[in-house]
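The values are calculated or read from the model by the stated rules, or taken from the named source; none is laboratory data. Just so you know, these numbers come straight off a predicted model, no measurement behind them. Here the Cβ positions follow ideal geometry from the backbone for every residue, glycine too, while neighbour counts run over all protein chains shown.
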Amino acid sequence: MRIVNDEAPNELRLALRAEEAAAAFGISRATVYELVRSGVWPSFHIGRLLRIPVSGLEEFIEKRLTDEEGER
């Protein structure tokens, strides 16, 4: 997953806000918070700001793809 900063297109984003992660996955912000709360998605705080690392989302996708391939 390659997330680019809209304000500075040449800069690669390392972490996303909940709203950005929701938009990237086509899910609601509430679902993002539930995935974070349940430990399915990694996250960290900078002060009060929640951030979701892009690398963790990539690992989530890879694991889901691997799990689904194993079920076939």
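Contact map, the range 29-43: residues that are more than 17 Å from Pro53 (Cβ to Cβ) paired with residues that are surrounded by 14 or more Cβ atoms within 10 Å (Cβ to Cβ) and of a type in the set (A, V, I, L, M, F, W, C), Cβ distance under 9 Å, separation 6+ or inter-chain. Pairs shown: Arg29/Ala18; Arg29/Ala21; Arg29/Ala22; Ala30/Ala22; Thr31/Ala22; Thr31/Phe25.
Does Gly70 qualify as being modelled with pLDDT under 95, among the small types (Gly, Ala, Ser) and loosely packed, with under 11 Cβ neighbours inside 10 Å?
On the way: modelled with pLDDT under 95: yes; among the small types (Gly, Ala, Ser): yes; loosely packed, with under 11 Cβ neighbours inside 10 Å: yes.
Taking the combined requirement at face value, the residue satisfies it.
Among what's in the range 25-46 and is surrounded by fewer than 16 Cβ atoms within 10 Å (Cβ to Cβ) and aliphatic (A, V, I, L, M), pick the residue that is nearest to Ile61 (Cα to Cα). Here the answer is Val40.
Within the range 11-28, how many residues turn out to be part of a loop (DSSP other than H, G, I, E, B), within 14 Å of Arg51 (Cα to Cα) and free of Cβ contacts under 8 Å to residues at least 24 places away in the same chain? Before the answer, list the steps.
Filtering the range 11-28 down to residues part of a loop (DSSP other than H, G, I, E, B) leaves 11, 13-14, 17, 26-28.
Among the residues that remain, those that are also within 14 Å of Arg51 (Cα to Cα) are: 13-14, 17.
With the extra rule that they be free of Cβ contacts under 8 Å to residues at least 24 places away in the same chain, the set shrinks to none.
So the count comes out to 0.
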